[in-house]
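Asks: Pasting a structure below so you can have a look.
We did not get these values from a lab; they are worked out from the coordinates using the rules stated. All values derive from a computational prediction rather than experimental measurement. No Cβ is skipped: glycine too gets one built from the backbone with ideal geometry, and neighbour counts run over all protein chains shown.
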Amino acid sequence: MGCNRPAEALFTRQNVLRGVEPRENPTMSIHIVALGSECPGVVGPGEEGPMGQGQLQGGLLWSYLGQGAVVGPHDLENSLHHPAFMEYTSQVFGDVSVVVRDCPSWDLLDSDWASVRSVLEQADILVIKYSVNDKLAFQQVRNGYAPRLRPLLRHWGVPVILVAVGARLHDEGPPCTCPLCASDWSSCVPHSEGLQLSRDLGATYLELPSLNHVFVGRYFGSVLEFFMIQCLKQKAKERPDKRRVNKVNEPQPPHLEQPARLPPIRVEESSFSQDMQWLLERGVQFADVAFFAGDSGKELGWAHAAVLCAVSPYFRQLLLGPKSRERPQSRCICRERDGGPHSLLSTWDGGIIDDMPRPDGHTVGRLSRLVVKDPLLCLCLWETLMFLYRGAWEWDHLQEALVEKLKNTLAVAQLMERIRSFVGMDKASRETPSARAAVLGPQTLVSLFNSPLYSDVIFMVQGSVLPAHRAVLVARCDVMAAMFSGKYAEARSRVVPIHGVSSDTFLSFLEYLYTDTCCP
């Protein structure tokens, strides 16, 4: 056939096309079923003009198998009287028998579908052929027969090769639109339609301009031999291995005993509270809320609006209210909501401002200034913020810190009541410690996860837009801290692309950073 193969190939082509009788071992035989004709205008089984030996030998598979192919199991004379399925055998790879059942006419699928299906069930490889110059026959296959074969092929998992044979007319340029040429190019099957049919059938698509030894041997033969090798490997796995029975002196793999005790699994404790405490103490670079004393105007500290809004409904109403031009000066949410005599916090006259300098001289984004008008809250603002940042559940530690700071039991009780109003606790939940601890805890930032609320960075992962907050990322992840705090492009960019990871995986990673849990 003139096919070149490297010397180190898995199977050599020596004595490939020897016309010998097939062996009885089913694992060393390959069944190929071919449907359709590579010649235009092939008649059906009930019409006149049966396929002769010359036309059979000029076919695609017969050309591949060569002169060693033997017609069987019936002789050639009987096969001419039954042209629907022509069966012939040959040898490939030296000792592998190939049995081909070729049906050039598609009419058999309508007249005797049961026999066609039984033959297809035994097929290891299916080859579908058509002529590019017979568009009518191609349309019948695409619209009528392919939908019937598609579910069966998907269920059986048989490899399919779709072969388009012939040279198209006017294939070297755009088709001519004159009446004399329109009939020529319109009768040819375009490359795009054949490729689409192969996708529908899950087949490998080939185009052969002619059936010479170059196209048949090198192109079609290479693809067919690839599937035959895969088929032989699959059959070798399913066959019981008898080659090791007589190998007495073959070395055996060592037997490793299982250890008596498996090493203990080290469970790491949650560092959520410690990470949020670090953010309050050292994350001033990403802070966007400044607290000032109401009487003296002294700066009391810095915080992060995203964390405050996630923990406290009070801060959420205060910071996410109307814009400054619509807000009255010295507005106090506490007075409006509870009607109490105490004015705890209010926004600075003028509300939210931009580019307010921080202690380290770094300016980023919009900043909010809050005036603390309650004297007790001014004294214990740091302890209150620490309690909110660590999850708003360590009530006993908060009370001990306030007692040590204020030295007054009545003042401690008053301030504790106001802090409870920060986190939105009702009177029933204030009675039991377990109920108070279950209010927030490690789930403090769950409302910020994948939320645009106070988001200052957007991750683009596989086309998905994932909003996040630099303060939370810096506190919870050392890699994020280095990326957003250093002299990298991400430190100044609002949109950060992420490559090499799926959106679901990165979203699970963000879920762990925000909630300290992850559901795979």
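Asks: Expected output is a single nm value to one decimal: the length gained when fully extending between Gln317 and Ser271, i.e. 0.36 nm times separation in residues minus the C-alpha distance. What is it?
Replies: Gain on extension, Gln317 to Ser271, equals 13.6 nm.
Asks: Net charge near Asn450, counting Lys/Arg +1 and Asp/Glu -1 over other residues with Cβ under 13 Å of its Cβ?
Replies: Around Asn450, the charge tally is -2.
Asks: Grab the Cα-Cα distance for Asp396 and Trp113, subtract it from 0.36 nm times how many residues apart they are, and report the gain in nm with one decimal. Please list the in-between numbers first.
Replies: On the way: separation 283, 0.36 × 283 = 101.88 nm, distance 8.14 nm.
Length difference between fully extended and current span is 93.7 nm.
Asks: While we're on this one: Could you tell me the calculated FRET efficiency between Gln258 and Leu195, based on Cβ-Cβ distance and R0 = 51 angstrom, to the nearest 0.05? Mind dumping the intermediate values first?
Replies: Working: r = 55 Å, r/R0 = 1.07.
After rounding to 0.05, the efficiency reads 0.40.
Asks: Summing +1 for each Lys or Arg and -1 for each Asp or Glu, what net charge is found among the other residues whose Cβ lies under 10 Å from the Cβ of Val163?
Replies: My count for the surroundings of Val163 gives -1.
Asks: Right, something else. Taking θ as phi - 60°, what are the ³J(HN,Hα) couplings along the range 127-141 by the Karplus curve (6.51, -1.76, 1.60), each to the nearest whole Hz, with x for Gly and Pro?
Replies: 10, 10, 10, 7, 9, 5, 9, 10, 5, 4, 5, 5, 5, 5, 5
Asks: Between Trp382 and Arg492, what is the FRET efficiency for a Förster distance of 30 Å, r being their Cβ-Cβ separation, to the nearest 0.05?
Replies: 0.45
Asks: In terms of modelled amide H atoms, which long-range or inter-chain residues lie less than 5 Å from the amide H of Val127?
Replies: Placed amide hydrogens put Val33, Ala34, Leu35, Ile161 under 5 Å from Val127.
Asks: Taking θ = phi - 60°, what integer Hz values does the Karplus form 6.51 cos²θ - 1.76 cosθ + 1.60 yield along the range 401-414, in sequence order, with x for Gly and Pro?
Replies: These are the phi-based 3J(HN,Hα) values: 5, 5, 5, 5, 7, 8, 6, 9, 5, 5, 5, 5, 5, 5 Hz.
Asks: OK, next. Grab the Cα-Cα distance for Arg218 and Glu281, subtract it from 0.36 nm times how many residues apart they are, and report the gain in nm with one decimal.
Replies: Full-extension gain reported as 15.5 nm.
Asks: Taking 7 Å along the Cα-to-C-beta vector as the label spot, tell me the Trp156-Ser187 distance in nanometres, rounded to one decimal.
Replies: Computed distance between label sites Trp156 and Ser187 equals 3.4 nm.
Asks: Please give the net charge around Gln414, taking every other residue with its beta carbon less than 12 angstrom from that of Gln414, where Lys and Arg add +1 and Asp and Glu add -1.
Replies: So the environment of Gln414 carries a net charge of 0.
Asks: HN-Hα J couplings of the range 466-478 from phi, Karplus 6.51/-1.76/1.60, θ = phi - 60°, integer Hz, Gly and Pro as x?
Replies: 10, x, 8, 10, 4, 4, 5, 5, 5, 6, 9, 9, 5
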